[in-house]
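See below for the structure under consideration.
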Amino acid sequence: MTSVKMVARRPRRRATGWSFVALYVVLLVAFGVVPVIYAIVTAFFVTPVVGPTYFSLLDNFAAVLADYRLPVAAVNVAMYLLIWLPLLLVVVFVIALVLDAKRTRLGALTRFISYVPGAVTGSAAALLWLFMFSPAVSPIGPLLAPLVGANGIIISDSSLPMILAVMGVAIGAGGWIVMLYGALTAIPPELIEAARIDGANVWQQALHIKLPLIRSYVAFILIVSFAAGFQVFVEPQVLGTGARGQVSSTWSVNQLVYSYASGESNYGRASALSVLLLIITVTAAVIIIRKTKFYSIDGRS
Amino acid sequence: MIARLSGRLGRNILLLSALLFFGVPVLWLFLATTKTSDQLRNDAPMSFGSFEQIGIAWSHLIGYNDGIIATWTLNSILYTLGSMVIALLACVPAGYGLAKFRFRGRGVVLFLTLVTMVVPSAALILPLYLQMSAVGLTNTPWSVILPLAFYPFGVYLVYLFAATTIPDSVIEAARLDGLSEWGIMMRIFLPLAVPVIVMVAFFAFVNAWNAFFLPYIMLTDSDLANLQTGLQLLMRNTNALGGANFTGIPIREPEIALAAIVSVSPILLIFLFAQRHLVAGQTAGAEKG
């Protein structure tokens, strides 16, 4: 990337450069930058139950952090991430390594099928997994028997981290498997051949040669998944609609923000909490950009 | 010999369980549309009902609320195509401009593009909602189309393509021939960039079609819902998911499953036919690591 040369340095082309990016920059500012600034500003205006709105640097943040629902939601999301992220990594790496160890027809089929659930996303996915965890209609009904609560329902506040984790693996693993498989096939065959001649069996090749070479993907998959999972909203919202009354409407932190904004019309608190969430997610994003090599621009990473 | 056999057995068991884990839920969704609600509960889970039942479920779905599902489908198409077209008009020149010109502010634009690309869209949706309600655009199609048209990933893909595969000498030659800068983009760059433009169009399409959180929060009018949010309305306003059917509306599990399949069908088709390109896009950037 260091070899990329810029065509023009003459001043008259500066304006031309801007004319190309103008429409995009308008969108970037209007829908990427302004909402963030607007949220930050709104976070400083407090709407009390009685009396006029007033300005305060800390009141909204203090109120949000003192809200008893926030630690509950934070623990829910943390539990979900703690189950989901390790499970995702293990499934993705094990399947990719097994697929690469020996190319068979069954392997090719698995690779393709693992990708299909990724097409069923959003509310359709939540609906599908609502069915999968409904004992009456689920294809794995008997397996679910030990999980069914006294009311005959599995989905609840406390079972949701596990359910979301399984769902997340089913939907997201396929894409990563195909990506890692691609990275594995790019390893020079001479390298594996040399290891084989030195007496390394298939397991040792996978563990000592291939795994270290694709290790850089661990951080990438982890941070991307963390940033997405941290903001979870759609799945608990839709599962909650299906399993009526079983899931708190403020189960995840983002749902709590939504509840401030739409249920309580308290935009100041909604902004304060979404700004706090944004700080964490943007930090994760900047780490990906700066510390991993996955997105590089002009040779600097 | 035994070790090798057991190794192969272990491998096949692992692959088969993966196959079941990933395959069964989606297959079940299709089979569910062939059965009645009672059959779903009492028959073997992965059994096939009948093709007639799909037709019955379909007519129930079409009949719901004077065929509102058709409105939702049209809305989905409008939001998706509208945002895709604007995204392309913005992304293609921007990616090219960022790759081939050096101007003040370029670094900032690039950095913000990367950050907004990596930050999950859910993080920005509530701030966007506050902004849209401040300017009175909520509950209009624009509140969904415009934010979806901001598609930094598309800019990144075009930028990578222009920076790495279009030699500056080609542009310089066209310049000497007297073409204007926009002329060079239209007549030299565009024809070469067709593959990457198709890829951006395709990702923007998938992204917009799958949007749930944004329309869910921006649009309160059920006539404005897209298929993704419509599906949720369908669940909420009927007794589709278990329990007695107090509403008397013939929307039950099979109809809901059918609605789910309708809502993801374009994406499912794209997945089946363009798997390779989707992966190529997912790993764009990653391969340079």
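The values are calculated or read from the model by the stated rules, or taken from the named source; none is laboratory data. It should be emphasised that the depicted structure is a prediction, and the values quoted were computed from it without experimental measurement. A quick note on method: Cβ atoms are made from the backbone with ideal geometry, for glycine too, and the neighbour counts reach across all protein chains shown. These area figures cover heavy atoms from the full protein model, side chains too; ligands, DNA and RNA do not enter into them. Shrake-Rupley method; radii C 1.70, N 1.55, O 1.52, S 1.80 Å.
Collect the residues in region A:12-52 that are of a type in the set (Ser, Thr, Tyr) and buried (at least 21 other Cβ atoms within 10 Å of the Cβ), keeping them in residue-number order.
A:TYR24, A:THR42
Against the definition (under 22 Å from A:GLY175 (Cβ atoms) and open to solvent by less than 40 Å² (accessible area, probe 1.4 Å)), how does A:ILE287 come out, yes or no?
No, not satisfied.
Taking B:LEU74, is it out of contact with any helix residue (DSSP H, G or I) (no Cβ under 9 Å at 6 or more places or on another chain) and either among the aliphatic types (A, V, I, L, M) or farther than 20 Å from A:PHE20 by Cα (or both)?
yes
If only one of A:VAL257, A:VAL253 is more than 9 Å from chain B (Cβ to nearest Cβ), crowded, with 21+ Cβ neighbours inside 10 Å, under 25 Å from A:ILE37 (Cβ atoms) and in contact (Cβ under 8 Å) with a residue 12 or more places away in the chain, which one is it?
A:VAL253
On the basis of being closer than 25 Å to A:MET162 by Cα and open to solvent by 30 Å² or more (accessible area, probe 1.4 Å), does A:PHE226 make the cut?
Spelling it out, A:PHE226 is indeed closer than 25 Å to A:MET162 by Cα and open to solvent by 30 Å² or more (accessible area, probe 1.4 Å).
Tell me yes or no: at least one residue of region B:143-166 is without any contact (Cβ under 8 Å) to a residue 40 or more places away in the chain, open to solvent by 40 Å² or more (accessible area, probe 1.4 Å) and either among the aromatic types (Phe, Trp, Tyr) or part of a loop (DSSP other than H, G, I, E, B) (or both).
No, every residue in region B:143-166 fails to be without any contact (Cβ under 8 Å) to a residue 40 or more places away in the chain, open to solvent by 40 Å² or more (accessible area, probe 1.4 Å) and either among the aromatic types (Phe, Trp, Tyr) or part of a loop (DSSP other than H, G, I, E, B) (or both).
When you check A:LEU278 against the structure, is it open to solvent by less than 30 Å² (accessible area, probe 1.4 Å) and touching an Asp or Glu at 6+ places or on another chain (Cβ under 9 Å), yes or no?
So A:LEU278 fails the test.
If we only count helices (runs of 4 or more DSSP H) wholly inside region B:1-95, which ones have 1 or more residues that are modelled with pLDDT of 90 or more and closer than 24 Å to A:LEU130 by Cα?
B:2-32, B:51-63
So A:ARG244 fits all but one of (1) assigned to a loop (DSSP other than H, G, I, E, B); (2) more than 9 Å from chain B (Cβ to nearest Cβ); what number is the exception?
In the conditions (1) assigned to a loop (DSSP other than H, G, I, E, B); (2) more than 9 Å from chain B (Cβ to nearest Cβ), A:ARG244 misses (2) alone.
I'd like the residue in region A:81-110 that is within 24 Å of A:ALA219 (Cα to Cα) and at the interface with chain B (Cβ under 7 Å from one of its Cβ atoms) and, out of all such residues, is farthest from the chain's Cα centre (by Cα).
This residue is A:VAL98.
Scanning for something at the interface with another protein chain (Cβ under 8 Å from one of its Cβ atoms), outside any helix (DSSP H, G or I) and surrounded by fewer than 15 Cβ atoms within 10 Å (Cβ to Cβ), does region A:111-125 turn up at least one residue?
Checking region A:111-125: not a single residue is at the interface with another protein chain (Cβ under 8 Å from one of its Cβ atoms), outside any helix (DSSP H, G or I) and surrounded by fewer than 15 Cβ atoms within 10 Å (Cβ to Cβ).
For (1) touching a residue at least 24 places away in the same chain (Cβ under 8 Å); (2) touching a His at 6+ places or on another chain (Cβ under 6 Å); (3) within 30 Å of B:VAL198 (Cβ to Cβ), each residue gets a yes or a no:
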{"site": "B:ASP38", "(1), (2), (3)": "no, no, no"}
{"site": "B:PRO45", "(1), (2), (3)": "no, no, no"}
{"site": "B:GLN53", "(1), (2), (3)": "yes, no, no"}
{"site": "B:SER76", "(1), (2), (3)": "yes, no, yes"}
{"site": "B:THR80", "(1), (2), (3)": "yes, no, yes"}
{"site": "B:MET84", "(1), (2), (3)": "yes, no, yes"}
{"site": "B:ALA90", "(1), (2), (3)": "yes, no, yes"}
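Given the criterion touching a Ser or Thr at 6+ places or on another chain (Cβ under 6 Å) and open to solvent by less than 20 Å² (accessible area, probe 1.4 Å), identify the matching residue among A:VAL77, A:VAL64.
So the residue among A:VAL77, A:VAL64 that is touching a Ser or Thr at 6+ places or on another chain (Cβ under 6 Å) and open to solvent by less than 20 Å² (accessible area, probe 1.4 Å) is A:VAL77.
Considering only residues that are under 11 Å from A:PHE93 (Cα atoms) and among the β-branched types (Val, Ile, Thr), look in region A:184-220 and name the one that is surrounded by the most Cβ atoms within 10 Å (Cβ to Cβ).
A:ILE214
Could you pull out every one of the helices (runs of 4 or more DSSP H) wholly within region B:198-289 that has 2 or more residues that are at pLDDT below 75?
Counting at least 2 such residues, we get B:253-282.
Within region B:22-52, take every residue that is open to solvent by 70 Å² or more (accessible area, probe 1.4 Å) and closer than 16 Å to A:PRO117 by Cα and give me the one that is farthest from the other protein chains (Cβ to nearest Cβ).
Step by step, filter region B:22-52, then rank; the result is B:PHE30.
Considering only region A:126-148, state which residues are open to solvent by 20 Å² or more (accessible area, probe 1.4 Å), more than 25 Å from A:ILE95 (Cα to Cα) and within 8 Å of another protein chain (Cβ to nearest Cβ).
A:SER134, A:ALA136
Within region A:221-230, does at least one residue satisfy the condition of being in a helix (DSSP H, G or I) and over 12 Å from the mean Cα position of the chain (by Cα)?
Among the residues of region A:221-230, not one is in a helix (DSSP H, G or I) and over 12 Å from the mean Cα position of the chain (by Cα), which makes the answer no.
Restricting to region B:120-142, count the residues that are open to solvent by 30 Å² or more (accessible area, probe 1.4 Å), in contact with a helix residue (DSSP H, G or I) (Cβ under 9 Å, 6 or more places away or on another chain) and either more than 11 Å from chain A (Cβ to nearest Cβ) or assigned to a loop (DSSP other than H, G, I, E, B) (or both).
7
Taking region A:266-278 only, how many residues are out of contact with any Ser or Thr (no Cβ under 6 Å at 6 or more places or on another chain) and within 10 Å of another protein chain (Cβ to nearest Cβ)?
The total comes to 6.
Across region A:149-183, which residue is most open to solvent (accessible area, probe 1.4 Å) among those that are of a type in the set (A, V, I, L, M, F, W, C) and at pLDDT below 80?
Across region A:149-183, the extreme among qualifying residues is A:ALA150.
Check A:ALA243 against each of (1) over 22 Å from A:ALA173 (Cα atoms); (2) modelled with pLDDT of 85 or more; (3) among the hydrophobic types (A, V, I, L, M, F, W, C) and name the one condition it does not meet.
Result: A:ALA243 fails condition (2) only.
So that you can scan it fast, the table gives a plain yes or no per residue for (1) open to solvent by 70 Å² or more (accessible area, probe 1.4 Å); (2) of a type in the set (Phe, Trp, Tyr):
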| residue | (1), (2) |
| --- | --- |
| B:ILE54 | no, no |
| B:TRP58 | yes, yes |
| B:GLY67 | no, no |
| B:ASN75 | no, no |
| B:TYR79 | no, yes |
| B:LYS100 | no, no |
| B:GLY105 | no, no |
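Within region A:83-105, which residues are free of Cβ contacts under 8 Å to residues at least 40 places away in the same chain and crowded, with 16+ Cβ neighbours inside 10 Å?
Once the filter is applied, which keeps residues that are free of Cβ contacts under 8 Å to residues at least 40 places away in the same chain and crowded, with 16+ Cβ neighbours inside 10 Å, region A:83-105 yields only A:VAL98.
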